[in-house]
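Quick notes on the structure that follows.
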Amino acid sequence: MLGFLTKVGTDWATPLQAVFRFPIGNLPIEYLGVSLSSSRLSISNCRPLLEEKDRRIATWRSHKHSFVGRVQLIKSFLSAFHIYWLFVFLLPKGVVIEIDKRMSRFLWDGVNVCAMAKVAWTQVCKPVDAGGLGVQEATPINKALSCRHLWEVISQIQNRLRFRLNRSCHGQQGSHLIAKLRQKVHGTDLILDLLWSL
């Protein structure tokens, strides 16, 4: 196990390392295919995502797919490849624009170089019954998953408020469930004290 401490002084880092006995690593690192950083994600942190898309497009370019084949590749892979990152992070707007550019270039030219688009990308991304090709645009997905991240933050704040309200109503011992946990599990006073301080 490896721990990462950010914005923590040595007066806190040393005791934490002594108690939990884990080695301390340095950020940023790449883990499970995504870049982990202690600060807001930058375009340079997202380079692995864009480079992987470029590698896939370069591989497909050599096969000389038809227009219909390229549409299917975009629908099945290119438009879904970045979803994993979006579930973990809020991608910078510049990265989302670059993702859409790469998909558009691959659609019209088959290579990742500038090509003249025959139809606007927003029209391509419309549903088939509305005259589009049904390709998923990255920008609305980024906005939707940004709302999901915001909802998770709000839910965590609400849970903390409920926890504090429960503590104020039931006193320092908390609810009967916490009291039972104290009886069953030994050595958890430190963890429970940390919970009380939230």
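For residue 104, the stated conditions hold: it is assigned by TED's automatic domain parsing to the domain that holds residue 45 and free of Cβ contacts under 8 Å to residues at least 40 places away in the same chain. Selection of the stretch 89-128 for residues being buried (at least 17 other Cβ atoms within 10 Å of the Cβ) and either in contact with a strand residue (DSSP E or B) (Cβ under 6 Å, 6 or more places away or on another chain) or among the hydroxyl-bearing types (Ser, Thr, Tyr) (or both) yields only 104.
Selection of helices (runs of 4 or more DSSP H) fully inside the stretch 76-147 by the criterion of at least 2 residues being of a type in the set (Val, Ile, Thr) and closer than 25 Å to residue 48 by Cβ returns 83-88, 93-109.
Scanning the stretch 42-84 for residues that are among the small types (Gly, Ala, Ser) and surrounded by 13 or more Cβ atoms within 10 Å (Cβ to Cβ), we see that the one that is modelled with the highest pLDDT is 69.
For the structure I just gave you, tell me whether residue 98 is over 18 Å from residue 76 (Cα atoms), among the acidic types (Asp, Glu) and either modelled with pLDDT of 70 or more or in contact with a Leu (Cβ under 8 Å, 6 or more places away or on another chain) (or both). In short, yes.
The values are calculated or read from the model by the stated rules, or taken from the named source; none is laboratory data. Since we're looking at a predicted model, the values are computed, not measured. Every residue, glycine as well, gets a Cβ built from its backbone with ideal geometry; the counts of neighbours run over all protein chains shown.
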